[in-house]
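The values are calculated or read from the model by the stated rules, or taken from the named source; none is laboratory data. On a predicted model such as this, the values are computed, not experimentally measured, just so you know. Note that each Cβ is placed from the backbone with ideal geometry, even for glycine, and that neighbours are counted across all protein chains shown. Each accessible area value is taken on the protein alone, full model and side chains, heavy atoms only, with ligands, DNA and RNA left out. Shrake-Rupley method; radii C 1.70, N 1.55, O 1.52, S 1.80 Å.
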Amino acid sequence: MDIYSELQATITDLVQPGRGILAADESEPTIAKRFKAVGIESTEENRRAYRTLLIGTPNIGHFLSGVILFEETLGQRNDQGTPLPAFAAAQGIVPGIKVDKGVTPLPGAPGDNVTQGLDGLAERLKGYKTQGTRFAKWREVYPVSERNPTLLGIDVNADTLARYAAICQSVGIVPIVEPEVLLDGDHTMQRCAEVTECVLHAVFHALHRHGVLLEFMLLKPSMVLPGKESAARASVEEVARETLRVLKRTVPAAVPSINFLSGGQTPEQATAHLDAMNRQYPGAPWSLSFSYARALQEPVMNCWRGNPANVAAAQKLFYRRAEMNSLARQGKYRSELENTGT
Ligand code: 13P
């Protein structure tokens, strides 16, 4: 298969009506933090057991077309000895891999960061491909303050995302491009909209300069929201409207799908916002879907708590959350559905 057919086949498998992506790619420090919050020790065995629980949820492939894994998970197996990427593929879920190596301060741009991991990336990707992965994810973060992100920060982060995406495509891996405008801070929703618009504008300019084919990538943005510490509240319809306004201004129609991150929203908020966007813009040129980590996993981790006796109940909650987001992806979610039986 030539590279374009390979990229197209992955896009076709990932972008499916009623389905989205699970981000289960927490780095070791991040999963340790999430586990600790619910009293689970972050051992290799617990991480394996937890990710086996997620991927092994019966029929979860109805709602998930892809899963983003952390490097360690690629080498782990389920209880029957099947490697976890192959276990996902058997559920009809395309395995992907987080390839960035986290953020570091960006000198010359106080308060801003840049993500590391470009050196040797093409070689690493070829290795991950032999382990069954077909797409990748790279995240840049943008803190919001009066001065941040700076023009330099916006520029360097956009260029880094574009370099990563171009490298992925050159080896037949579909890139998920993730520019995350952080929720932390007391900024207004308007300020978040203004920053997100500048960020996305710069990202697509850089993608163009680096020759990235927009048809063969996915965008994973944050939603437009007031800062977490802001006293202002925004309604579900307002969040959807402001987020769509920014996306319409910046994301070319050639991009097949926008899969949002949840960014610290509650599971129900993330679902309701996605639903409202799909209802407000039924003819959108891109599909509007999800690629949540916390908003899909929070109830699951809380229920499991590292106890094998809780696996079936935790899987039931996971199935439920994924189902709610599947409905939201079609604009068919209603909050009353949260409390009804499946
Ligand atoms: P959240 O949905 O928890 O924001 O995580 C998505 C993600 O992949 C962060 O990189």
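Residues in segment 230-247 that are of a type outside the set (A, V, I, L, M) and touching a residue at least 24 places away in the same chain (Cβ under 8 Å): Ser230, Glu237, Glu238, Arg241, Glu242, Thr243, Arg245. The residues of segment 134-154 that are part of a strand (DSSP E or B) and among the hydrophobic types (A, V, I, L, M, F, W, C), listed by number, are Phe135, Ala136, Trp138, Val141. Could you say which residue among Val246, Val300 is β-branched (Val, Ile, Thr), crowded, with 21+ Cβ neighbours inside 10 Å and within 16 Å of the ligand (Cβ to nearest atom)? The unique qualifying residue is Val300. For segment 258-297, a residue qualifies if it is within 14 Å of the ligand (Cβ to nearest atom), among the small types (Gly, Ala, Ser) and in contact with a Ser or Thr (Cβ under 8 Å, 6 or more places away or on another chain), and the qualifying residues are Gly263, Ala270, Ser289, Ala293, Ala295.
Could you please let me know if Thr150 is free of Cβ contacts under 8 Å to residues at least 60 places away in the same chain, farther than 19 Å from Arg47 by Cα and buried (at least 19 other Cβ atoms within 10 Å of the Cβ)? So Thr150 does not fit the description; no. Looking only at residues in segment 321-342 that are charged (D, E, K, R) and surrounded by 18 or more Cβ atoms within 10 Å (Cβ to Cβ), which one is farthest from Glu41 (Cα to Cα)? So the residue we want is Arg329.
Take the conditions (1) closer than 22 Å to Arg294 by Cβ; (2) within 17 Å of the chain's Cα centre (by Cα); Ala234 misses just one of them, which is (2). Return a yes/no flag: does segment 254-266 have any residue that is open to solvent by 10 Å² or more (accessible area, probe 1.4 Å) and free of Cβ contacts under 8 Å to residues at least 40 places away in the same chain. Looking through segment 254-266, at least one residue is open to solvent by 10 Å² or more (accessible area, probe 1.4 Å) and free of Cβ contacts under 8 Å to residues at least 40 places away in the same chain. Take Tyr128 and tell me if it is modelled with pLDDT of 95 or more, under 19 Å from the mean Cα position of the chain (by Cα) and closer than 29 Å to Val224 by Cα. No, not satisfied. Among residues of segment 208-229 that are touching a residue at least 60 places away in the same chain (Cβ under 8 Å), those with a beta-carbon under 7 Å from a residue that is among the hydroxyl-bearing types (Ser, Thr, Tyr) at least six positions away or on a different chain give the pairs Leu218/Ser257; Lys220/Ser291. Pro252 meets all of the listed conditions (1) of a type outside the set (A, V, I, L, M); (2) touching a Leu at 6+ places or on another chain (Cβ under 8 Å); (3) outside any loop (DSSP other than H, G, I, E, B); (4) away from the ligand (no atom under 16 Å from the Cβ) but one, namely (3).
Within segment 164-180, residues that are closer than 14 Å to Gly117 by Cα have Cβ atoms under 9 Å from residues that are modelled with pLDDT under 95 and within 14 Å of the ligand (Cβ to nearest atom) in no pair, counting only partners at least 6 apart in sequence or on another chain. Among residues of segment 94-123 that are farther than 24 Å from Val195 by Cβ and open to solvent by 20 Å² or more (accessible area, probe 1.4 Å), those with a beta-carbon under 6 Å from a residue that is more than 16 Å from the ligand (Cβ to nearest atom) and assigned to a loop (DSSP other than H, G, I, E, B) at least six positions away or on a different chain give the pairs Ala122/Val171. Considering only segment 32-57, how many residues are open to solvent by 60 Å² or more (accessible area, probe 1.4 Å), of a type in the set (A, V, I, L, M) and in contact with a Ser or Thr (Cβ under 9 Å, 6 or more places away or on another chain)? Going through segment 32-57 one residue at a time, the tally reaches 0.
Where strands (runs of 3 or more DSSP E) fall entirely within segment 17-133, those with at least 3 residues that are under 18 Å from Ala314 (Cα atoms) are at 20-24.
Among the residues of segment 200-207, none qualifies, meaning not one is more than 29 Å from Leu74 (Cβ to Cβ), in contact with a Lys or Arg (Cβ under 7 Å, 6 or more places away or on another chain) and either more than 16 Å from the ligand (Cβ to nearest atom) or not small (Gly, Ala, Ser) (or both). Taken residue by residue, segment 284-293 has no member that is crowded, with 24+ Cβ neighbours inside 10 Å and assigned to a helix (DSSP H, G or I). The residue that is least open to solvent (accessible area, probe 1.4 Å), among those in segment 58-82 that are under 27 Å from Leu288 (Cα atoms) and out of contact with any strand residue (DSSP E or B) (no Cβ under 9 Å at 6 or more places or on another chain), is Gly61.
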